[in-house]
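Contents: one structure, followed by commentary.
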Amino acid sequence: MIVHTATAQVTVVLAQVQVKPDDSKAPGINALKDLVNGLAAYAVIAAVAAVLLGGIAWALGERMGLDRASTIGKSGVLAGFGLAFLVGAAAAVVNFFLATGATASSGTPDQPKALDRPAVVRTLDPGDHDQTPPPWPF
């Protein structure tokens, strides 16, 4: 006995959507860029202030034996460095993920991946009914 399997393929074609950022198509883009650059400047100034104030608190806390002030000063210095790193790396990280996302693909709809052949094919001879079937997998 030969078992035949048939697979049905349904292809749904939707409109292809493409996203390509273009500065010339966005009204007010220059004002938005200026706003983001201004926020980045404020963040860099805040990072410098955090490093300076944290350093002062750390030094005075160590000098005066105030462990809590010293710990808070260390945290302030680390937070200032972290903020400066985030401001500097933000554009590079966003551009990396934008470029990576642009290369993503959903595959081609005319080549099915899992439905092209049956998973298991077993041919039985009609005279083999008295034998036990082989153990799994076939």
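The values are calculated or read from the model by the stated rules, or taken from the named source; none is laboratory data. Since this is a predicted model, take the numbers as computed values, not measurements. No Cβ is skipped: glycine too gets one built from the backbone with ideal geometry, and neighbour counts run over all protein chains shown.
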Q.
Filter segment 55-103 down to the residues that are surrounded by 13 or more Cβ atoms within 10 Å (Cβ to Cβ) and among the β-branched types (Val, Ile, Thr) and list them by number.
A. Ile56, Thr71, Ile72, Val77, Val87
Q | So Thr11, is it modelled with pLDDT under 85 and surrounded by 10 or more Cβ atoms within 10 Å (Cβ to Cβ) | A | no
Q) Which residue out of Ala89, Ala59, Ala119 is farther than 30 Å from Val17 by Cβ and at pLDDT 95 or above? A) Ala59
